[in-house]
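Since the structure comes first, as structure tokens, the remarks are kept for the end.
The values are calculated or read from the model by the stated rules, or taken from the named source; none is laboratory data. Given the structure is predicted, the values throughout are model-derived calculations rather than measurements. Positions of Cβ are backbone-derived with ideal geometry, glycine not excepted, and every protein chain shown enters the neighbour counts. In case anyone asks, the SASA skips ligands and DNA or RNA and just uses the protein heavy atoms, side chains included. Shrake-Rupley method; radii C 1.70, N 1.55, O 1.52, S 1.80 Å.
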Amino acid sequence: MVQILLYLATHCAFLFRPGGFRFVDSRVDESFGGDAMVVLESSTTRLRFTRDRAQLLMTFQPITGKPMDWFSLGLLRGVLTGDRGGSEVLDEGWADFLRSSLGELEARFSEPERADDLIKALKTQGKLRAKQLFG
């Protein structure tokens, strides 16, 4: 949990601007040296930061999304820039990408038609990634 909180404090303070994100859920497990999860929500978007086997990752979904529909920052980067990048383990670069793309993400999630289009594009990126990784 500490790793997630340090990452948020060090790289993602912009999430906590007035009217921004708030903590809505968290969990800590003793397995694998302290796996943990923190969920943040804004009025349109849910962010889930996960520490899994010492790797820090983030997924997101629209507040109105299906419970199973979580998407990675790499998929969003693929939709917005055409390049999914490499490793999705969180670092300063991914925080910078989140900062620069968050306005666009929330704008699209705030309009149902644009949200549906974005979700379809994210799922397409997921299929392309799976094909690239697994053939």
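Yes/no per residue for (1) charged (D, E, K, R); (2) more than 28 Å from Leu133 (Cα to Cα):
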{"site": "Leu40", "(1), (2)": "no, yes"}
{"site": "Asp52", "(1), (2)": "yes, no"}
{"site": "Lys66", "(1), (2)": "yes, no"}
{"site": "Gly82", "(1), (2)": "no, no"}
{"site": "Leu90", "(1), (2)": "no, no"}
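Can you spot a residue in the stretch 54-67 that is farther than 17 Å from Ser110 by Cα and β-branched (Val, Ile, Thr)?
Scanning the stretch 54-67 turns up at least one residue that is farther than 17 Å from Ser110 by Cα and β-branched (Val, Ile, Thr).
From the list Arg99, Arg77, which residue is charged (D, E, K, R), in contact (Cβ under 8 Å) with a residue 24 or more places away in the chain and closer than 23 Å to Gln132 by Cβ?
The conditions single out Arg77.
From the list Ala130, Ala121, Ala107, Ala115, which residue is open to solvent by less than 50 Å² (accessible area, probe 1.4 Å), at pLDDT below 90 and not charged (D, E, K, R)?
Result: Ala130 is the single residue among Ala130, Ala121, Ala107, Ala115 that is open to solvent by less than 50 Å² (accessible area, probe 1.4 Å), at pLDDT below 90 and not charged (D, E, K, R).
Find the residue count for the stretch 20-57, including only residues that are among the acidic types (Asp, Glu) and either in contact with a Pro (Cβ under 7 Å, 6 or more places away or on another chain) or assigned to a strand (DSSP E or B) (or both).
Residues in the stretch 20-57 being among the acidic types (Asp, Glu) and either in contact with a Pro (Cβ under 7 Å, 6 or more places away or on another chain) or assigned to a strand (DSSP E or B) (or both): 3 in total.
Could you grab me the full set of residues in the stretch 39-54 that are over 13 Å from Leu15 (Cβ atoms) and either among the acidic types (Asp, Glu) or surrounded by 21 or more Cβ atoms within 10 Å (Cβ to Cβ) (or both)?
Scanning the stretch 39-54 gives Arg51, Asp52.
Tell me, which residue of the stretch 58-99 that is β-branched (Val, Ile, Thr) and in a loop (DSSP other than H, G, I, E, B) is most open to solvent (accessible area, probe 1.4 Å)?
Thr64
Need pairs with beta-carbon distance below 9 Å; first residue over 19 Å from Phe97 (Cα atoms) and within the stretch 1-21, second of a type in the set (Ser, Thr, Tyr) and surrounded by 10 or more Cβ atoms within 10 Å (Cβ to Cβ); sequence gap 6+ or separate chains.
Going by the 9 Å Cβ cut-off, the qualifying pairs are Met1/Ser26; Gly19/Ser42; Gly19/Ser43.
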